[in-house]
Structure formats: C-alpha cells, structure tokens
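Contents: one structure, followed by commentary.
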Amino acid sequence: APCDATIWARIWEYCLHHECYTEDGELPKSEKELRRLPGVIKLPWELSGFKEEIAAAKQENLAFFATVDNGVKRMQFGKGAMKKLRVSPDGFTQMVIQLAYYRLHQRFTMTYESASTRMFHHGRTETIRPLSMASVEFCKTMDDPDVRRELVASSLRKAIKVQTDRKLDAVAGLGVDRHLIGLYAVSMQGGSTPPELFRDPGWSSLKFDLSTSQTP
C-alpha cells in the first residue's frame with residue numbers, strides 16, 4: 001500500500017471533528033477567499049494491448065473475493081468496559097482472537113499484529129506477536145472447568161501484559177521482523193545463496209496464518 005491506513009483514519013477523524021453545517025445543512029460561508037482549483041480533466045488510457053491481462057486479473061480478483069467473508073459483530077461492551085478492568089483494550093481483543101482461534105482449530109498459530117512506527121522518519125510498521133506462552137496458558141485455563149476463575153483472570157492479565165510489552169517494544173523500533181526481512185531481501189539480491197539462517201526450517205515456520213490489526 002502507498003500509505004498506512006492509520007494516516008487516513010486520522011485525517012477522517014480530523015474532518016469529522018472540525019466539520020460544521022448551518023441549520024439548512026449547508027456549509028457556512030467563509031470570510032476567507034476560496035482557493036480556486038483547476039477543473040477535473042479526464043485522462044485517456046490506451047488499454048488495447050492489455051485487454052487479456054486485465055480480464056485475467058479481474059477473474060483472479062473475483063475468485064479471491066469469493067473466499068473472503070466480511071461481517072460486523074456488535075458487542076455489548078467496548079473498550080470502556082475493558083479500561084474499567086484496568087487492562088489494555090488492544091491486548092484484551094488479541095486474547096479474544098487467540099481464544100477464538102484455539103476453540104475453532106484446537107491449536108495455536110503464528111499471529112501477526114501491526115504496530116505503527118510513525119514516530120521514526122519514514123517509519124511505517126513493525127510486527128507485534130500476540131501469541132506467547134502466556135497466551136497459550138490463558139486459552140487452556142479458560143476452557144478448563146477445573147481451574148478457578150481467579151486463576152483464569154490472572155492468566156489473562158499476564159497474557160495481556162506480555163502482548164503490551166511486545167507492542168511497546170515494536171513501536172519503539174525494538175521489533176525483529178522488519179530487521180530480519182531487510183536482511184533476507186538483501187541476501188536474495190543478485191541470485192546468491194541465502195545465508196544459513198534463511199535456509200533453516202525455523203525461518204519458513206515464521207509465516208503468519210492469522211493476521212490481525214491493532215485496536216485503537
């Protein structure tokens with residue numbers, strides 16, 4: 001993507017916060033002189049040599065879209081309720097995702113969560129890894145009827161803390177994924193044999209089966 005989604009979200013929030021209308025639903029007249037913008041010009045495109053490629057790309061995208069389910073789930077509580085429990089809403093949501101995946105597949109998987117590194121010049125994202133030994137313990141204790149609820153709550157708080165610590169590290173530029181990807185990209189230039197690190201089966205196992213986003 002040419003731009004991170006969070007930037008457009010901030011722009012939209014700014015517009016919603018500052019927009020105002022008259023009682024008639026019109027924009028208020030400004031005393032400042034409006035800046036005149038040039039009219040819209042339709043750009044002609046010559047696509048005669050790409051019709052087959054465009055048609056193939058369209059079919060490929062339609063096939064991909066058919067595999068995607070999209071829906072909205074309205075919950076009875078939001079981040080306000082989570083904050084009253086003195087836990088991170090983002091960490092709480094990530095543990096919900098971990099528990100849902102565990103209940104659905106009876107296993108755990110590598111999980112991606114995005115972290116913004118916009119505090120750095122040209123910074124974009126880093127990887128937060130919500131899956132941890134603490135999150136595994138929480139999921140197992142949550143579904144164990146013999147475990148006291150106090151211990152379940154304690155394991156949840158521990159798992160959220162681990163996720164939060166990793167998030168803070170990633171935002172501060174202390175993540176490892178972008179660094180490793182950069183080294184891998186450099187090692188593949190010129191068709192040379194990649195270093196042993198990137199030929200190890202462990203490197204291939206780092207792929208993400210579960211991709212998530214950070215909750216504001």
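For this structure, a couple of remarks:
- Residues that are within 15 Å of the chain's Cα centre (by Cα) and of a type outside the set (Lys, Arg) number at least 2 in the following helices (runs of 4 or more DSSP H) confined to the stretch 145-216: 149-171.
- Beta carbons closer than 6 Å, at least 6 apart along the sequence or on distinct chains, never pair a first residue in the stretch 54-66 that is at pLDDT below 95 with a second that is of a type outside the set (Val, Ile, Thr) and assigned to a helix (DSSP H, G or I).
- Pair list, Cβ under 9 Å, 6 or more apart: the stretch 189-216 residue on the phi < 0 side of the Ramachandran plot and modelled with pLDDT of 85 or more, other residue exposed (fewer than 10 other Cβ atoms within 10 Å of the Cβ) and among the aromatic types (Phe, Trp, Tyr): none
- For Leu174, the conditions (1) under 23 Å from Gly202 (Cβ atoms); (2) in contact (Cβ under 8 Å) with a residue 24 or more places away in the chain; (3) of a type in the set (A, V, I, L, M, F, W, C) all hold with the exception of (2).
- The set of residues from the stretch 125-144 being assigned to a loop (DSSP other than H, G, I, E, B), in contact (Cβ under 8 Å) with a residue 24 or more places away in the chain and either farther than 30 Å from Ile7 by Cβ or open to solvent by 30 Å² or more (accessible area, probe 1.4 Å) (or both) comprises Arg129, Leu131, Asp143.
- When Arg178, Arg157, Arg149 are checked against the criterion of being exposed (fewer than 13 other Cβ atoms within 10 Å of the Cβ) and either polar (S, T, N, Q) or farther than 19 Å from Thr109 by Cα (or both), Arg149 stands alone in meeting it.
- Neighbours by Cβ (under 7 Å, 6+ apart or cross-chain): first from the stretch 93-106, farther than 11 Å from Gln163 by Cβ and free of Cβ contacts under 8 Å to residues at least 40 places away in the same chain; second open to solvent by less than 80 Å² (accessible area, probe 1.4 Å) and aliphatic (A, V, I, L, M): none
- Evaluating Arg157 against the criteria (1) under 30 Å from Trp8 (Cα atoms); (2) touching a residue at least 40 places away in the same chain (Cβ under 8 Å) leaves one unmet condition, (1).
The values are calculated or read from the model by the stated rules, or taken from the named source; none is laboratory data. Owing to the predicted nature of the structure, the values given are computational and were not obtained by experimental measurement. Every residue, glycine as well, gets a Cβ built from its backbone with ideal geometry; the counts of neighbours run over all protein chains shown. Only protein heavy atoms, including side chains, enter the accessible area calculation; ligands, DNA and RNA are left aside. Shrake-Rupley method; radii C 1.70, N 1.55, O 1.52, S 1.80 Å.
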